[in-house]
Amino acid sequence: MSSRFRVAMGGVSEPIGLRLLHLARYQPQIRMVALTLGEIELPRGSRLEVFIADADRWSRVMRAMKPKVFVVGLGPAVNLVGKDRSPMRAIDSEEAVLEIAKTARFAGVERLVAISSEGADRWSRDKHLSAKGKAETELSRLGFKRLDIMRPGPLSQRGISDDGPLSDISALRGRGTDVDMVAHAILTLSLRRTPGKFVHEEEGIERAAAMLSRAPGNKTVGASEAGQG
């Protein structure tokens, strides 16, 4: 890919969002922008755009920035370790996510990466998993050229060391789906143009994350480099 294109994110839980902002510095193809409800502390050395606006005004921002890819979460339980009241947490229900996704589609966004949950199933007896499953179904009806649905388990933080905003990540340590792996996978998927709907469970997320470093022109960083802002 010879030129950079915009990847926007909004309503993404803080652990994943901060990691995306950090990793985007090393992806020459991607110009990451963030939609937030308030100011956030960016990783040192970042030259990223942050658009601050109430969620009901994101439609105007979306039309102005014209991103090729939009990354969104499917509700508050994406961060399963507790309540996230940071400015980066702008979406608090599946219904709101769908509205933002519709806004992105009507603004001309071609590709959507949606962070759902392990076990999402509209027929599940678990209300949380059922809601996410139903939201996934609705997203598939919006007409995106490419839709990637990621289903990570409870988020965990493994070995990320940083004396900036990443040090405040409040994810679980230990078992679960690694925040760093999810962020790498999102960037990989944002570079893919093959049309269709793709669902990525744990193993698929891991494979996508491993492929980021293979993208032409990319430089990816691991946990050992994360603290060298």
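Could you please put Val7, Val61 in sequence from largest to smallest accessible area, using a 1.4 Å probe?
Per-residue accessible area, sorted high to low, gives Val61, Val7.
Treat each spin label as a single point 7 Å out from the Cα along the C-beta direction, and report the Trp123 to Arg207 distance in nm.
2.5
Just to make sure I understand: if all protein chains stay in place, what is the order of Arg111, Arg151, Arg4, Arg192 by accessible area at 1.4 Å, largest first?
Highest to lowest solvent-accessible surface, that is Arg4, Arg192, Arg151, Arg111.
Which of Lys68/Lys127; Lys134/Lys197; Lys68/Lys132 have a Cα-Cα distance over 22 Å?
Long pairs (Cα-Cα over 22 Å): Lys68/Lys127; Lys68/Lys132.
From largest accessible area down, sort Lys66, Lys145, Lys127; use a 1.4 Å probe on the protein chains.
Reading off the accessible areas and sorting them downward yields Lys127, Lys66, Lys145.
Contour minus end-to-end for Asp56 and Arg44, with contour as 0.36 nm per residue of separation and end-to-end as the Cα-Cα distance?
Numbers: separation 12, 0.36 × 12 = 4.32 nm, distance 2.99 nm.
Separation in residues times 0.36 nm, less the Cα-Cα distance, equals 1.3 nm.
The values are calculated or read from the model by the stated rules, or taken from the named source; none is laboratory data. Values in this document were obtained by computation on a predicted structure and should not be read as measured data. No Cβ is skipped: glycine too gets one built from the backbone with ideal geometry, and neighbour counts run over all protein chains shown. The protein model used for the area step is the full one, side chains on, heavy atoms only, and it has no ligands, DNA or RNA in it. Shrake-Rupley method; radii C 1.70, N 1.55, O 1.52, S 1.80 Å.
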